[in-house]
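Let me begin by presenting the structure, written as structure tokens, before commenting on it.
Just so it is clear, none of the values below were taken in a lab; they were calculated from the coordinates. The model shown is predicted, which means the values in this text are computed figures rather than measured ones. So basically every Cβ, Gly included, is an ideal-geometry build from the backbone, and we count neighbours across all protein chains shown.
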Amino acid sequence: MEQYQPPDRTSWLTHDGSDTDVVVTSRVRLARNVAGIPFVSRCVPTDLRGVMELAEQSLLRESIAPGMTWVPLHQLSQLDRQVLVERHLISGQHAKGELPRAVAISNPDESLSVMVNEEDHLRIQIIRPGLALQDAFKRIDAVDDDIESRIDYAYHPQFGYLTACPTNVGTGIRLSVMLHLPGLKLANEIEKVRRAAQAMSLAVRGIYGEGSEASGDMYQISNQTTLGKSEHDLLDQFENQIIPQVIEYERVARRSLLEKRRVFLEDHVYRALGVLRNARLLKADEALALISHVRLGVALGLIEDVPVRTLNELILVSQPGHLQRTIGREMDQAERRIQRASLVRERLAPARPNGA
Amino acid sequence: MPKCDMCDNEATVHEVIVRNGQRIERHLCEDHAKEAGVFTSQSFSAAGQVVKKVVMSQSGLAEQAQSSRSSCPDCGLSFAEFRQDGLLGCAKCYQAFADKLVSLLRRAHDGGDHHVGKVPKRAGTCFAKQERLTALRKQLKECVDLEQYEKAASIRDEIAEIESAPAERLHRSDSGEPAPSHRSSEEGEGD
Ligand SMILES: [Zn+2]
Ligand SMILES: [Zn+2]
């Protein structure tokens, strides 16, 4: 059985980036298919293996990224697959099934990942901490060119890059920005964001993508239009219009809470930290919601002894897959709640004065 | 099993040629098709087996025939199947269902129905050639319909000239292994 050992230093957990008080990560994804082979849903195993071989040869090269790791998912344990989903390196759909499929990941930063034989033959992704779409796009564009020097893509002059689902055809690009919006949530103004996004044909989703509820006040904004709008127009719309606007809404909401409802806000933040530092049982959703409030407290300077990086790590480690991986064995839900609480207590323990 | 016009082997290549408004059908085995210089298009589905293809050469009627067909000539997906799970079966599906897809694409993409943005370097140049061919084939059909055979002949010469220009890469793989190829630049395909 293959294994995936997540690296300790994952770049997108670092919190070094711009606007990280509100923006958690920026992601760019490209959907691509190999010319001359049917799309994945119409592939027989021979086709799938052919794509795997081609992808492995094309992706495991220094010019793509140093330290590319090839992970054959169909040979991976369910737990390891779940860990990859929680790290946003593969989709939930990609984790399922036993047909030949893989993900290639740049190690140790995990900033580049390529899903092989998901809905499309290739789904290339770059993930960066903070607001960094332009930077992520430049990188993915170069990776795309490099792959295309080895693989002929399915392309049509009218429809662009051809994808299995017509909703991705054209540029095949998806920009996704993960935003932490606790201020707007507390102020009951999330609807305002949804409306602004909808007016621009953008989707607002929860932390784990399609259909998922926003937990821990994390929201993903992504484009839905891929045909008839260039990559650069889309980037411009995101980086110069919609995202700065949402960041500004959130900051105004936070400032207003601080000025007008300070005690309410402080109670929220310190109560959350208190629960995390003392609870003996923690559900995953509950942990996320509390971590979100602590994160808000850190961003507003109310809490000074908790680094944001620790909070980002706790969000991951609270997920069922990571939790079981950290403890080193499979656990049922009841046991996970106990272990989650103890892990969170340990990592958030206040720094003790010298000699204590 | 249909037999080859030239021998007793199974015919895997079916050719339809329209000459001076007359329809001529030919059924050939792989070897005789090669000998006759008929280009076949192959795909790698069905466990590496070579899938039989209908090749409509030169006349440029392929496009019209395809769009009226209810299933994709390359992968066999029907439009009804596509409606069920929302996934197309292969690149050729876009051509086969182009008419029906356009309105769906406009709805999904805020009115967009034409690609704007990045063009892959190699496939991009291939398609410039392909677009020229598509335009010429359309003209050819119009000429045949209007019985302007002299003009049609000169268009056909031009098509032949473009088509015989050396291909950038090898487009065929007879071993059945999924070597990727530009479908687009395979001659006689009419896309
Ligand atoms: Zn024969
Ligand atoms: Zn098809």
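Computed quantities for the displayed model
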item	result
Loop-resident sites, region A:21-123, for GluC sites (Glu not before Pro), counting at most 13 other Cβ within 10 Å (DSSP)	A:Glu62, A:Glu98
Student exercise, chain A dipole from Lys, Arg, Asp, Glu Cβ charges, in Debye to nearest 20	1160 debye
Taking A:Ile147, A:Ile303, A:Ile338 and counting other C-beta atoms within 10 Å, the order from fewest to most	A:Ile338, A:Ile303, A:Ile147
Cα-projected label distance for A:Arg347 with A:Arg261, points at 7 Å along beta-carbon direction, nm	2.8 nm
Inter-probe distance in nm under a simple model that places probes 7 Å from Cα toward Cβ, at A:Ile327 and B:Lys151	8.0 nm
Potential extension, A:Glu62-A:Glu189 segment - 0.36 nm per residue separation minus Cα distance	41.1 nm
³J(HN,Hα), Karplus 6.51/-1.76/1.60, whole Hz, each residue of region A:115-124, x for Gly, Pro	7, 10, 6, 7, 5, 10, 4, 10, 10, 8
Region A:69-125, dipole about Cα centre (Lys/Arg Cβ +1, Asp/Glu Cβ -1), debye to the nearest 20	80 debye
Selected from A:Tyr4, A:Gln57, A:Asn33, residue furthest toward positive end of dipole (region A:1-63; charges at beta carbon)	A:Asn33
Coil-residue GluC sites (Glu not before Pro) of region A:269-355, DSSP, other Cβ within 10 Å capped at 10	A:Glu304
Packing-based exposure ordering (other Cβ within 10 Å, fewest first) of A:Met52, A:Met115	A:Met52, A:Met115
Degrees, to the nearest 10: A:190-199 long Cα axis against longest axis of chain A	20 degrees
A:Thr326, A:Thr163, A:Thr25, A:Thr225 arranged by Cβ crowding within 10 Å, fewest neighbours leading	A:Thr326, A:Thr225, A:Thr25, A:Thr163
Two-site FRET efficiency, A:Ala199 against A:Tyr270, from Cβ-Cβ distance with R₀ of 35 Å, rounded to 0.05	0.40
Built amide H within the under 5 Å cut-off of B:Asp5, gap 5+	B:His27, B:Leu28, B:Cys29
Rough spin-label spacing in nm, given labels placed 7 Å along Cα→Cβ, for A:Ser77 and A:Arg309	2.8 nm
Assigned charges on the beta-carbon of Lys, Arg, Asp, Glu; region A:262-353 dipole about Cα centre (debye)	160 debye
Distance violations [Cα-Cα > 21 Å] among A:Lys96/B:Lys100; A:Lys138/B:Lys121; A:Lys229/B:Lys121; B:Lys118/B:Lys138; B:Lys3/B:Lys141	A:Lys96/B:Lys100; B:Lys118/B:Lys138; B:Lys3/B:Lys141
Förster-model FRET efficiency, 51 Å R0, B:Glu142 and A:Ser18, C-beta, rounded to 0.05	0.35
